[in-house]
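J.: First, the structure itself, so that you have it in front of you.
All of the numbers you see were taken from the coordinates with simple rules; none came from a lab. Here the structure is a predicted model, which means the values were calculated and not measured. Neighbour counts are summed over all protein chains in view; Cβ atoms, including those assigned to glycine, are modelled from backbone coordinates with ideal geometry.
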Amino acid sequence: MNATVVNIISSTDMLSNFLSGPLANISSNGFLGVGLFVILLALGLGLHKLNMMRTYRRVVSTSKGLEISEESLCEEMFSRQGSNFNAAAVSAWILLFIAFAYFYFLTPSLFLKYNYFQVPSLASSPIGFFLFGFLVLLLTGIASAFLPRVLYSYCQVSKREKMAIMLAIPLLVVSIIISVYLGTKYPAQEANLRAVAFFALFISQIALLWPVYLEALEGVR
Amino acid sequence: MKLDLDDLVGNFEKWKKEDPNQFEYMKKLLHIPFEPSGNYSAPTVLIYYPYNNTNITRNEKLKMIAYVKNDNPIEVRSNIYLQLEAKGPGEENFTAVSSQRVILSNEYSEDNNASMRDWSDITPFLNSEETGNVSFRIWFNDMHNTYYTDTMYGKPHVSGDFYSELNLNLINTPPEIDENCTNVSPDPARYNDPIKYEACFFDSEGDMVNVTLHVFDELGNEHKNATQIIKSGKNVTFTASEYGFFGEDDAGKNFSYSYSYDDGLNGSVTKNMTGPSLLSSPKIYVSNPNVVPEDDNRYWWQSYAFSIKVKNPELDNLRIDLYTDTQAHPKNHQACQMINASKEAEDVSFDLKPFEVSDANQTFTYYFTYSAPDQASRLESDHEKGGVINPRLVKYSMDSGVMVANYLFILLISLVAGVVIERRLYR
C-alpha cells in the first residue's frame, strides 16, 4: 500500500517537474514554439518528398530500362486508407492548426503584438473565440484537406499509426480547451496548464507526421 | 525855469505822441552818425571749431566759438555784436540759434588783438526732420556795418580749426526694440482684464521714441491703435482698458499686435505678434465631474456612469459631449446630450459602456466639452482620472454557456469538416 502511494507521489512529482521544467520553458517561448512547429511540419513534407524520390529511383533502377514516369509511379503507389481514417485524419489536421493558433495567438502572452485581441471588434464579440477558430479553419482548410492524402496515401500506415493519428483528435481537443481556458483567464497565467496544452499539441503533431518520419527512417536503414 | 531830466523825457514822449512828424525831424537833427577814421578796417571773425567730429546728431550738445581779431587801435574800435546762425538740412536760410554775444573795444588780447566768445550746449537741430549737411556762420555788427562770415570773404576761409562757414553732417540712428522685452499679459485674458502691452525701445542717440501699438483682429485688420512718446530705454506700457481696445463683443476672439516706432527721422515696424486671446464670457457653470463604474472590478465590458453638474441659466440646446481617453483610444467621443436653460443646476449623466478589449489594463481619463464657455471661459473640463481598467480580456468564464458554445462549435465544425471533406475529396 505504502509502496503504491510512494510510486504515485513520485510520479506526480516527476510530471510536475517535467511540466514546470524544460517543457514550460519551450511552451512559454512563442518564437521557439512556432519555430519548432514549422520545422516539424517542413521536415515532414521534405522527408515525404525524399521518400517518394527514393522509391522512384529504386523502381527505376530495378525496371531494367523500362521507362516509368513519376506520375505513373504515384498512381501505382496510391493506396486508400479507409473512409473513417481519412475523415479522422482531415479533422485531426484541422484541429492541429486551430490548436496551434489558439495556443500561440489567442492571448498576448506569447506574441504581444500579434494576437486575437489586436482585433478589438472580433475580440469584443461574444462569439469571438469561435470566429477566430473558424477563420483559422478557412485559412488552413486546403492544407488540412490535402495533407492526409499526400502524406498517408503513398506509404504503409500501420494500425498503430492510424490509432495514434486518431488519438491526436482528443489530444488536440484537450489542447484547444486548455487554450480557451487560459484565454478566459488572461492575464492570469497557469504555466502547468500551458505546458500540458503545448505537450498535447506537440505530441499530436508528431503523431500526425509519424508515418512519414518512420518511412524515412526505414529508408535510411 | 529849471528843466530836469524827467521833464525832458516827459516832453519827448508827449511830442512823439502828439506830433510824430516833427518828432522824427528832431531826431534827424539830433542824430550824429559815427564816422570811423580813415584807417579803420573791419575785424576778422571766424568760427573756431577745434573738434574732430564732423558727424553730429540732433541731441548732441554743441559748442561753437567765435574768434574775433580786431587790429584797429583801441580808440577806433567799436563794440562788436555777434550772433551764431545755422542752416539745417534742406533749409535755404540761416537762422539765429542762440543769443547775441558782445565784445567791447577793450576786450581784446594785447598780444594778438584777438578775442573769443562761445555758445555752449546748443542743440540747433533738435527738431530737424531730415539728416544731411548743416552749416554754421556768424552774423556780426561792428557799429559800422553788418557782416556774415560766409560771404564777407572773397572765398570760404578754412585754416586749421578756423572756418568762415562750418559745414557738418547731421546723422541719425533709428531706434531699436528689445525683442525679449515685448509682452502682452495676461494672455489668455477676459476682455475686461487689465491687459497690458509692454515693450522697451532704445535710441542710441537718446532721441524720444514715438511708439504706436497696432492691435489686429483675427482677419488681420487693424482693430485699434494708440501712440505714446517715450524716452529711450524706458518701458512703454499700453493698458487696454485705458485705450478702450476691447469690448464685450471681442470676447472669444484672438488678437495680434505689432509696434511701429520712430524717432522723428527713421522708423520701423515689428513683426506681428500673437496675443491676447480673449476668453469667452462665461455662460454656464460646471462642477463635480464624476464617474462611477458598475462595480469595483472595472472590467472593460462593464457600464460606467459619467456625470457632471451643469448650471445653464440662459442657453437652450446646450451641447455636452463626453470623451474618454486611453492609450488605445485617445480622445474617444462617447456620447452627447443637449440640455435647455434652467434656473437650477442639473446633473448631466451618461451611463454607457465606453471601452473595448484593447483598453484593458490601461489608465483612462475622461472629460466633457460644452458648446458654451464655462465659468473659466473654457469649452472643456479638466481631464479627470478614471482609474485603471481591469486587465482581464474575456468577459465570459470557461463554463459559461457562451464560451462552451464557442469551443464546442469549433470542435464540432472541425469534425464535421473532416467527414465532409473525406466524402467530397477522398472518394
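J.: What FRET efficiency, computed as 1/(1 + (r/R0)^6) with R0 = 60 Å and r the Cβ-Cβ distance, is obtained for residue A:76 and residue B:349, rounded to the nearest 0.05? List each step's numbers first, then the result.
T.: Details: r = 78 Å, r/R0 = 1.31.
My answer for the efficiency is 0.15.
J.: Over all alpha-carbon pairs of segment A:87-205, lay out the pair-distance distribution in 5 Å bins, whole %, shortest bin first.
T.: 2, 12, 20, 22, 18, 12, 8, 4, 2, 0
J.: Compute the whole-percent fraction of alpha carbon pairs in segment B:182-277 spaced more than 19 Å apart.
T.: Numbers: 1697 of 4560 pairs.
Distances greater than 19 Å cover 37 percent of the Cα pairs.
J.: Using a simple charge model, +1 on the beta-carbon of Lys and Arg, -1 on the beta-carbon of Asp and Glu, nothing else, what dipole does chain B show about its Cα centre, in debye to the nearest 20? Walk me through the numbers on the way to the answer.
T.: Working: 38 positive and 62 negative charges, 298 e Å.
For this selection, approximately 1440 debye.
J.: Give me the compactness ratio for the protein assembly as shown, meaning the Cα radius of gyration over 2.2 N^0.38 Å. Please report the intermediate quantities before stating the final value.
T.: Working: Rg = 55.2 Å, N = 648, 2.2 N^0.38 = 25.8 Å.
The protein assembly as shown yields a ratio of 2.14.
J.: What's the FRET efficiency of residue B:118 with residue B:39 using the Cβ-Cβ distance as r and R₀ = 30 Å, to the nearest 0.05?
T.: Numbers: r = 30 Å, r/R0 = 1.01.
In this case the efficiency is close to 0.50.
J.: Oh, and also: For segment B:44-86, what size does the Cα cloud have along each of its three principal axes, sorted from largest down, in whole Å?
T.: Dimensions of segment B:44-86 along the principal axes of its Cα atoms: 44, 18, 12 Å.
J.: Taking every DSSP beta bridge with both residues inside the protein assembly as shown, roughly what % is antiparallel (nearest 5)?
T.: On the way: 99 of 102 bridges.
Given both bridge residues lie in the protein assembly as shown, the antiparallel proportion sits at roughly 95 percent.
J.: Anything in chain A that counts as a DSSP H helix reaching 24 Å or more along its axis (C-alpha) with Kyte-Doolittle mean of at least -0.5? List them, would you?
T.: Values: long enough: A:2-20 (27 Å, 0.68); A:30-61 (46 Å, 1.06); A:83-105 (33 Å, 1.46); A:128-152 (34 Å, 1.88); A:159-185 (39 Å, 1.20); A:191-220 (40 Å, 1.34).
Length and hydropathy pass: A:2-20, A:30-61, A:83-105, A:128-152, A:159-185, A:191-220.
J.: Given 25 °C and 0.890 mPa s, compute D for segment A:159-198 with the Stokes-Einstein relation, Rh being the Kirkwood radius over Cα pairs; round to the nearest whole µm²/s. It would help to have the intermediate numbers written out before the result.
T.: Numbers: Rh = 11.0 Å.
The estimated diffusion coefficient comes to 223 µm²/s.
J.: Also, I was wondering about something else. How much of the DSSP beta bridge set in chain B is antiparallel, as a percent to the nearest 5? Could the numbers behind the result be given before it?
T.: On the way: 99 of 102 bridges.
Taking every DSSP beta bridge with both residues in chain B, the antiparallel ones total about 95 percent.
J.: Scanning chain B for helices, which whole DSSP H stretches are 30 Å or more long along the axis (Cα) and average 0.5 or more by Kyte-Doolittle? Spell out each step's value before the answer.
T.: Working: long enough: B:401-425 (34 Å, 1.72).
Correct list, ordered by number: B:401-425.
J.: Comparing B:276, B:391, B:43, which has the greatest mean-square fluctuation in the GNM of chain B with Cα pairs linked when under 10 Å apart?
T.: Of B:276, B:391, B:43, the most mobile in the Gaussian network model is B:391.
J.: Taking neighbour Cβ counts within 10 Å as the exposure measure, how do B:76, B:310, A:196 sort from fewest upward?
T.: On the way: B:76 15, B:310 23, A:196 18.
Ascending Cβ contact count within 10 Å gives the list B:76, A:196, B:310.
J.: Filter the GluC sites (Glu not before Pro) in segment B:271-358 down to the DSSP loop ones having no more than 12 other Cβ atoms within 10 Å, then list what survives.
T.: On the way: sites: B:294, B:314, B:344, B:346, B:356; in loops: B:294, B:314, B:344, B:356.
The qualifying sites are B:314, B:344.
J.: Let me ask you something else. For segment B:285-388, treating each Cα as an identical point scatterer without solvent, what Debye log10 I(q)/I(0) comes out at q = 0.22 1/Å?
T.: -1.12
J.: Return the equivalent ellipsoid semi-axes of segment A:75-134 as a descending list in whole Å, where each equals the square root of 5 times an eigenvalue of the C-alpha gyration tensor. All intermediate terms of the calculation are to be shown ahead of the outcome.
T.: Details: eigenvalues 235, 33, 13 Å².
For segment A:75-134, the ellipsoid semi-axes come out as 34, 13, 8 Å.
J.: Taking the alpha carbon gyration tensor of segment B:55-167, what are the square roots of 5 times its eigenvalues, largest first, to the nearest whole Å?
T.: Details: eigenvalues 149, 40, 33 Å².
Over the Cα atoms of segment B:55-167, the ellipsoid semi-axes are 27, 14, 13 Å.
J.: Evaluate E = 1/(1 + (r/R0)^6) for residue A:36 and residue B:239, where r is the Cβ-Cβ distance and R0 equals 60 Å; express this FRET efficiency to the nearest 0.05.
T.: Values: r = 78 Å, r/R0 = 1.31.
In this case the efficiency is close to 0.15.
J.: What's the exposure ranking of B:427, A:194, B:319, going from fewest to most Cβ atoms within 10 Å? Write down the numbers at each step before the final one.
T.: Working: B:427 8, A:194 21, B:319 13.
Fewest-to-most Cβ neighbours within 10 Å comes out as B:427, B:319, A:194.
J.: State the dimensionless ratio Rg/Rh of chain B (Rg: radius of gyration of Cα atoms; Rh: Kirkwood radius). Let's see the in-between values first.
T.: Numbers: Rg = 46.6 Å, Rh = 32.1 Å.
Value, to two decimals: 1.45.
J.: Looking at this model, which pairs from B:61/B:231; A:49/A:113; B:61/B:155; B:343/B:385; B:196/B:343 are more than 25 angstrom apart at the alpha-carbon? The partial results should precede the final answer.
T.: Details: B:61/B:231 17 Å; A:49/A:113 35 Å; B:61/B:155 29 Å; B:343/B:385 30 Å; B:196/B:343 37 Å.
Cα-Cα > 25 Å for A:49/A:113; B:61/B:155; B:343/B:385; B:196/B:343; rest within.
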